[in-house]
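The values are calculated or read from the model by the stated rules, or taken from the named source; none is laboratory data. Predicted model, so just to flag it, every value in this text is computed and none were measured. Heads up: the accessible areas ignore ligands, DNA and RNA and are worked out on the full protein's heavy atoms, side chains in. Shrake-Rupley method; radii C 1.70, N 1.55, O 1.52, S 1.80 Å.
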Amino acid sequence: MCGIVGYIGPKQAQEVLISGLSKLEYRGYDSAGVAIGDGACITVKKKAGKLANLSGELAAQPLAGTMGIGHTRWATHGLPNDTNSHPHATEDGQIVIVHNGIIENYLSLKEGLMGRGHTFKSETDSEVLAHLIEEAYQGDLEGAVRTALSQVRGAYGIVVTHVNHREIVAARTVSPLVMGVGEGEMFLASDVPALLAYTRKMVFLHDGDMVVLNDDGYRVTDLAGTALQRPVETIEWDAEAAEKGGFDTYMLKEVYEQPQALTNTLIGRLHDETGEVNLDINLDPASFKRISIIACGTAFYAGLVGEYLIEQLARIPVECDVASEYRYRDPLVSENTLAIVVSQSGETIDTLEALREAKKGGAKTLGVINAKGSSMTRELDDTLYIHAGPEIGVASTKAYTSMVSAFLLLALWLGRARGTISGEEGAELLHATRELPRLVEEALAEARIEQIKRVAEKYHQARDYLFLGRGVNSPTAYEGALKLKEISYIHAEAYAAGEMKHGPIALIDSNLPVVVVATESRLLEKTISNVQEVRARGGKVILILSDGDTENAQHADDVIYVPRAHEMVSPVVNAVAMQLLAYFTATALGKDVDKPRNLAKSVTVE
Ligand code: F6R
């Protein structure tokens, strides 16, 4: 994530930048910084921690100037300290940049730049951008930014100023950027709420767009310099709606953010050329003989998918425990154990204590974590961040799919390192994993949403629900039931489909909707046999099917189609349908999905 802002016009920039950043803190709050130009020089002020740390200092000693850029950080590369905070300036202080995203090839670029005499101050990937622009600069800032961007691979929303130019140059690929159009002034930000206090006229920049702003207006081009037309739109949202990006709830906004969250989880980690996965972790895959995955709630279900993936692909024995049980069951741990804790917040007390228990037994520890700098990350040997960005809705959505994707990466990495998957199989899975953001985007197409909404509304009065799935998608069923319970308060049970006949089958009657994950898999025929068992007893069958599967549709009362996906990555795609089914059921019942009763986002009590 990270939030960025820019301003050029008659006002004092400091006020505009701080106001904008305060609306973007939801995108990260590891540090904040501004760079303000007064025509003679650009002054950078940045501080680790929340924006209040910076704004307090600036209130006491304001920076004068009417052009500036600002940043609030969600750290990815480099610790959340003052030095790694944005903006980043060249050594002579002439060029200053802020960046949101990840530059995948920053290490090789950095080596090249250092070889050509550049000195780096921070550990960030972003700083290479300032140096690349400096190297390309010959009096034309726009041209220098264009040349610099032609060398980078990855995601960026970037905003650049130069002391000799009364203009701001910005560009985006993957990371969002919106421009605010004022009277004799121009604004930039990662998101609409940052600008609403100043203008409602916005231009949404597209992937590959570049823009030059000055006091009189703006010019949009593509990265090759060809002029583009982008419409000015008038935003009608009120401030609260704007913070939710125009969505009714944070949960729905976060459901829609999944393609971006998944891109962030995967970016820089998959290498098509070599078929390798680069996780930047210091574990020796040969040093452990078993893996314990430990987590709570939704994170636990992501762990169950992880268990399946790692055992399948890396052939290491894995067990998965809910943290509150693990802590007290005197687990067998040794130096050959790798304990993986999974947590969005990194603060859940049961998981934290379970981590301590595993460490006590001598296990090596790895975290699959969203929140940078959280308590768990300080005690773990290593952390695989999922980079899903802040999750505000109490019911976890984007963190779940990002955690599952992180397990895909981990299983691939372990499988390749241990030689349990061939280069060919690895390449196929790598390709399937890379497709995930696009598949999830497709799963969020309007016609699909409407279909899920119809199904949800048809059954929203049900007293109970049953969810079934098999293999790598049995956790999808568990997660589907949990989402429904949490936000609609409808009782829901979930079972591995083959286990249904050993008890839950007694529940089935014509009042019971049964959601079955029946997307393409090796076990599909067996799953359909379980569906027949439900049908024979009068249950209402809602099938989650892969696009084009009309044959199995005949066994269903209702069908929810999802994009076709490789079986191993399908839990990510299928989870989206589960989230939306729960969401529209809850809204049909008039429930407050962002604040479900009795729940808290971060559970720090035992
Ligand atoms: C469910 C949900 C919870 C959390 C659980 C663990 O939607 O959000 O079940 O998954 O409380 O939280 P973290 O991942 O922060 O450890």
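What the table below lists for this structure:
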read-out: Share of Cα-Cα pairs in the stretch 10-99 lying beyond 15 Å, as whole percent; value: 54
read-out: Long-range amide H partners of residue 31 with built H, under 5 Å; value: 49, 73
read-out: Three-way shape call for the stretch 51-191 based on the alpha-carbon gyration tensor, with the a/c threshold at 1.5; value: rounded
read-out: Within straight-line cross-link reach of residue 45, lysines at Cα separation under 22 Å, skipping those fewer than 8 residues along the same chain; value: 11, 23, 121
read-out: Gyration tensor verdict on the stretch 273-381 (Cα atoms; rounded if a/c is under 1.5, prolate if a/b is larger than b/c, oblate otherwise); value: rounded
read-out: Per residue value of the accessible surface for the stretch 485-600 (all protein chains in place, 1.4 Å probe), Å²; value: 40
read-out: Probe 1.4 Å, all protein chains present, accessible-area order of 413, 74, largest first; value: 413, 74
read-out: Accessible surface ranking that places the most exposed of 502, 566, 271 first, with a 1.4 angstrom probe; value: 502, 566, 271
read-out: Global geometry of the stretch 482-606, whether rounded, prolate or oblate, following the gyration tensor of its Cα atoms and the 1.5 cut on a/c; value: prolate
read-out: Proximal lysines relative to residue 359, as straight alpha-carbon distance under 17 Å, when same-chain residues fewer than 8 apart are discounted; value: 289
read-out: Calculated from backbone phi, Karplus (6.51, -1.76, 1.60) coupling profile of the stretch 525-530 in Hz, x at Gly/Pro; value: 4, 5, 4, 5, 4, 5
read-out: Residue-wise HN-Hα coupling along the stretch 410-425, computed from phi with Karplus coefficients 6.51, -1.76, 1.60 (Hz; x: Gly, Pro); value: 5, 5, 5, 4, 5, x, 5, 5, 8, x, 8, 10, 6, x, 5, 5
read-out: Long-range Cα-Cα pairs in the chain (distance over 37 Å), rounded percent; value: 37
read-out: Size descriptor, Kirkwood hydrodynamic radius, that averages inverse alpha-carbon separations across the stretch 117-196, Å; value: 13.9
read-out: Proximal aspartates and glutamates to residue 253, defined as alpha-carbon separation beneath 17 angstrom and excluding residues fewer than eight positions away on the same chain; value: 25, 191, 238, 240, 243, 391, 441, 442, 446, 450, 592, 594
read-out: Nearest-10 value in Å² for the accessible area of residue 597, using the 1.4 Å probe; value: 140
read-out: Å² of accessible area per residue within the stretch 1-150, as computed with a 1.4 Å probe and no ligands counted; value: 36
read-out: Accessible carbon and sulfur surface of the chain relative to its total accessible area, %, 1.4 Å; value: 47
read-out: Antiparallel bridges, percent of DSSP beta bridges restricted to the stretch 195-327 (to nearest 5); value: 70
read-out: Solvent-accessible ranking of 162, 431, 460, largest area first, probe 1.4 Å; value: 431, 460, 162
